[in-house]
Amino acid sequence: MSHLIKYTSGDLFQVALKSTSIKEGPIIIGHACNCLGFWGGGIAPIFKRKFPSTYRIYNNHCAKYSKDPSLLLGSSLVIPISVKDPGFVKTVGERVLIVCLFTSIMGGEDPEEIAENTQAALLDLKKRLENFEIEGDFTEYDSNNLAVLNIPKINAGIFNVPWELTEKSIIKSGLKTNVFVL
């Protein structure tokens, strides 16, 4: 197993509560997204319920590509949460970033293609974090603190990608990642 991936048992959304002792740097929580602007299955409805402000930004972002949603494949979108979101937690909420990884148009691609899109989206995310390309208002942090992505086993559910393929994509991207498993 790679030193880039750490497996953690438990609820992905509890990461914010566990991070109260960290003084600097954002808390990055991500998931694989379709390119059509819907958070309707897998873990996505939980993101939508906890962080409706990020869903609206994601949905509007996808709408810009409605003529050709495939243009989003292999990209990422980084969005700070709102204090009005039900998932906002005082003391850490202002540091939470939601990451949308565009890995599939709507789940019809073959697993290898989705894995390739995942690697490209993770590389795009690394670049965005280094350059602070974040939607909305967010306090800039030293890029050394933008080091860990917290995700569930992305692509393994609705997109039906064997985890080993996604795991290889994470390793190839070089992005430190905490993978939460129940």
Residue hits (segment 58-97; of a type in the set (A, V, I, L, M, F, W, C) and in contact with a Gly (Cβ under 7 Å, 6 or more places away or on another chain)) are C62, A63, I79, I81, V83
Can you spot a residue in segment 77-87 that is more than 19 Å from D11 (Cα to Cα), open to solvent by less than 70 Å² (accessible area, probe 1.4 Å), hydroxyl-bearing (S, T, Y) and part of a loop (DSSP other than H, G, I, E, B)? yes
When every residue in segment 88-116 that is outside any helix (DSSP H, G or I) and of a type in the set (G, A, S) is compared, the one most open to solvent (accessible area, probe 1.4 Å) is G108
L122 fails exactly one of (1) open to solvent by 50 Å² or more (accessible area, probe 1.4 Å); (2) assigned to a helix (DSSP H, G or I); (3) under 17 Å from I29 (Cβ atoms), namely (1)
Pairs returned, first residue in segment 46-63 that is farther than 14 Å from L97 by Cβ, second residue that is at pLDDT 95 or above and charged (D, E, K, R), beta-carbon separation under 8 angstrom, 6 or more apart or interchain, are P52/D85; Y55/K48
Apart from one, (1) open to solvent by less than 10 Å² (accessible area, probe 1.4 Å); (2) more than 18 Å from V179 (Cβ to Cβ) all hold for L73; the odd one out is (1)
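The values are calculated or read from the model by the stated rules, or taken from the named source; none is laboratory data. These numbers come from a predicted model, not from an experiment. Cβ sites come from the backbone with ideal geometry, for glycine too, and all protein chains shown count toward neighbours. For the accessible areas, the whole protein counts, side chains as well, though only heavy atoms, and no ligand, DNA or RNA atoms are used. Shrake-Rupley method; radii C 1.70, N 1.55, O 1.52, S 1.80 Å.
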